[in-house]
Amino acid sequence: MTPIPIHDLDDPRLAVYRSLKATNATRSLDCFVVEGEKLVERLLASRFPTESVLLTDRHVDRLRATVPDGVPTYVVPFERVHDLVGFPFHRGALACGRRLPWPDWRALWGDATGPLRFVACPRVSNPENLGSIARLADAFAFDAILAGPSCPDPLSRRVLRVSMGSALRVPILTVDDPLALAADMTRELGVAFLAAVAGEATPFESVAIRDRLGIVLGDEDRGVDPAWVAACAESVTIPMPGRASSLNVSTAAAILLHHFRRRH
């Protein structure tokens, strides 16, 4: 790594890092930004090319051995990085990655012979929930997340931060019609989708375990859409003897993903 000191915050090489809070919508860009040392390291280790790294002068020595030669590494004074990114920032390291599409699902699993596990998030709207679900899918070895078009950008800063970089490893396949994709996967891969609902349904611990399954999670306000419930092989619920009527979607995901991974 050869550090490149920059003192002028208007330098065009810093454009992608400027006013991040005000320009959080990155879905339309061909690049994305990660924050913090751990995520910089995980971006460098991922399939996504690293376009550049931005460090404060206090963090250069800590990451000198991590950033490979050939990756432009810009250094700004610690006292000025907050002015650049647009909010108080103390993690000392950012990096810009270049987007790459995930391969088609048939290329990924069309020839698979073993178990397959998926999570479907047709309408999860909170980036922190999607980030938590990505981290859970990574932790419990689920193969991918199927996301609808209204879901947050999987490579947004908040999703990446909450997932601790798991969104760089777990395929998050964002498609216009995830229900049609689920139907294709059921027909061609034998995946049985289970709708996770609140209320009357089969307790999740009583559900027969399949080699190939998908867990469908509802959005934060309305739950699983009736069209998904009708298309799923079964509806499952997490019994709750207390007074709360439902769980946060990422909490429900933690219970279900752990259970179906452990029981497989």
When (1) of a type in the set (A, V, I, L, M); (2) more than 23 Å from A141 (Cβ to Cβ); (3) not in a helix (DSSP H, G or I) are applied to L194, the one that fails is (2)
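Give the residue that is surrounded by the most Cβ atoms within 10 Å (Cβ to Cβ), with candidates limited to residues of segment 96-124 that are of a type in the set (V, I, T) and assigned to a loop (DSSP other than H, G, I, E, B). Give the steps one after another, and end with the answer.
Pass one, segment 96-124, residues of a type in the set (V, I, T): 113, 119, 124.
In the following step, the residues that additionally are assigned to a loop (DSSP other than H, G, I, E, B) were identified as 113, 124.
Details: T113: 5, V124: 25.
Result: V124.
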Pairs returned, first residue in segment 76-87 that is at pLDDT below 90, second residue that is among the charged types (D, E, K, R) and surrounded by fewer than 21 Cβ atoms within 10 Å (Cβ to Cβ), beta-carbon separation under 7 angstrom, 6 or more apart or interchain, are G86/K21; F87/K21
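Residue-by-condition table, conditions (1) more than 23 Å from N126 (Cβ to Cβ); (2) in a strand (DSSP E or B):
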position	(1), (2)
A198	no, no
E205	yes, no
V236	no, yes
L256	no, no
In segment 56-95, anything surrounded by 15 or more Cβ atoms within 10 Å (Cβ to Cβ) and among the aliphatic types (A, V, I, L, M) is listed as V60, L63, V67, V71, V75, V76, V81, L84, V85, A93, L94, A95
Scanning segment 112-159 for residues that are polar (S, T, N, Q) and more than 20 Å from A180 (Cβ to Cβ) gives T113, S125, N126, N129, S132, S156
By residue number, the members of segment 177-200 that are modelled with pLDDT of 95 or more and charged (D, E, K, R) are D177, D184, R187, E188
Apart from one, (1) surrounded by fewer than 17 Cβ atoms within 10 Å (Cβ to Cβ); (2) more than 11 Å from the chain's Cα centre (by Cα); (3) assigned to a helix (DSSP H, G or I); (4) not polar (S, T, N, Q) all hold for L181; the odd one out is (1)
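Which of the helices (runs of 4 or more DSSP H) found entirely inside segment 1-93 contain at least 2 residues meeting this: among the β-branched types (V, I, T)?
Working: elements: 37-44, 60-63, 78-85.
Of the helices (runs of 4 or more DSSP H) lying wholly inside segment 1-93, those with at least 2 residues that are among the β-branched types (V, I, T) span 78-85.
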Exception for R243 within (1) within 19 Å of the chain's Cα centre (by Cα); (2) modelled with pLDDT under 95 falls at (1)
Does F193 count as under 28 Å from W109 (Cα atoms), out of contact with any Gly (no Cβ under 8 Å at 6 or more places or on another chain) and among the aromatic types (F, W, Y)? no
By residue number, the members of segment 210-225 that are over 13 Å from C121 (Cα atoms) and either assigned to a strand (DSSP E or B) or modelled with pLDDT of 95 or more (or both) are R212, L213
Within segment 133-158, of all residues that are modelled with pLDDT under 95 and assigned to a helix (DSSP H, G or I), the one farthest from N248 (Cα to Cα) is R157
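Quick one: is R47 within 24 Å of T174 (Cβ to Cβ), under 22 Å from the mean Cα position of the chain (by Cα) and surrounded by 17 or more Cβ atoms within 10 Å (Cβ to Cβ)? Step through it out loud before you land on a result.
On the way: within 24 Å of T174 (Cβ to Cβ): yes; under 22 Å from the mean Cα position of the chain (by Cα): yes; surrounded by 17 or more Cβ atoms within 10 Å (Cβ to Cβ): no.
Criteria not met by R47.
To keep it simple, each residue is scored yes or no on (1) within 22 Å of G165 (Cβ to Cβ); (2) small (G, A, S); (3) assigned by TED's automatic domain parsing to the domain that holds I172.
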{"site": "V71", "(1), (2), (3)": "yes, no, no"}
{"site": "Y74", "(1), (2), (3)": "yes, no, no"}
{"site": "R80", "(1), (2), (3)": "no, no, no"}
{"site": "G86", "(1), (2), (3)": "no, yes, no"}
{"site": "W109", "(1), (2), (3)": "no, no, yes"}
{"site": "R123", "(1), (2), (3)": "no, no, yes"}
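The values are calculated or read from the model by the stated rules, or taken from the named source; none is laboratory data. Here the structure is a predicted model, which means the values were calculated and not measured. Glycine also receives a Cβ, built like all others from the backbone with ideal geometry; neighbour counts cover every protein chain displayed.
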